[in-house]
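Structure, as structure tokens:
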Amino acid sequence: MLFALVLLPSLLSQAIRYEIRVKYKNSPSGITADITVLVKEGTPNFTYYLMTNDPMKGRVLMQSDPSRDKSHVFKGVAPGKYFIKIEDDLGLPAGKTIEIKENDNRQN
């Protein structure tokens, strides 16, 4: 019992650290983006979500299967505001809102 109590604070202090990269693309249907999520710190397995822009009540638009992979790419995302959510094996969530713009000057 004491052993569990000693480990609990260290488990709870774990946090998911991540980076999000957006690469714009021109396609016949207009501008889209590939969104790459790179996990720097966290406990595998990770599940990645692309959601409508509401972290609490947002609808899941795309979701990965749980994986040990520390990166995931959402491809061909249309312009708009989205919430990117990452969840690790401990059930700890992290995420943020991003916006894919129709007229971004950083197109590649």
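The values are calculated or read from the model by the stated rules, or taken from the named source; none is laboratory data. From a predicted model like this one, the values you see are computed outputs, not experimental measurements. All Cβ positions, glycine included, derive from the backbone under ideal geometry; neighbour counts span all protein chains shown.
Quick notes on this structure:
- LYS81 touching a residue at least 40 places away in the same chain (Cβ under 8 Å), out of contact with any His (no Cβ under 8 Å at 6 or more places or on another chain) and of a type in the set (Lys, Arg): no
- Selection within segment 49-82 - assigned to a strand (DSSP E or B) and either touching a helix residue (DSSP H, G or I) at 6+ places or on another chain (Cβ under 8 Å) or closer than 15 Å to ALA33 by Cβ (or both): LEU50, LEU61, MET62, HIS72, VAL73, PHE74, LYS75, GLY76, VAL77, GLY80, LYS81, TYR82
- Residue match in segment 91-104 (condition: free of Cβ contacts under 8 Å to residues at least 60 places away in the same chain, over 12 Å from TYR18 (Cα atoms), exposed (fewer than 14 other Cβ atoms within 10 Å of the Cβ) and not small (Gly, Ala, Ser)): yes
- Restricting segment 41-75 to residues that are among the small types (Gly, Ala, Ser) and at pLDDT below 95, the residue that is farthest from GLY91 (Cα to Cα): GLY58
Residue-wise test of (1) loosely packed, with under 14 Cβ neighbours inside 10 Å; (2) among the basic types (Lys, Arg); (3) touching a Leu at 6+ places or on another chain (Cβ under 9 Å).
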| site | (1), (2), (3) |
| --- | --- |
| GLY30 | yes, no, no |
| GLU41 | yes, no, no |
| PHE46 | no, no, no |
| MET51 | no, no, yes |
| GLY58 | no, no, no |
| ASP65 | yes, no, no |
| LYS75 | yes, yes, no |
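- The single condition among (1) of a type in the set (A, V, I, L, M, F, W, C); (2) outside any strand (DSSP E or B); (3) modelled with pLDDT of 95 or more that LEU38 does not satisfy is (2).
- First in segment 25-42 and at positive phi, second anywhere and basic (Lys, Arg), Cβ under 9 Å, 6 or more apart: GLY42/ARG17; GLY42/LYS70
- Going through (1) assigned to a strand (DSSP E or B); (2) polar (S, T, N, Q); (3) modelled with pLDDT under 95 one by one, THR97 falls short only on (3).
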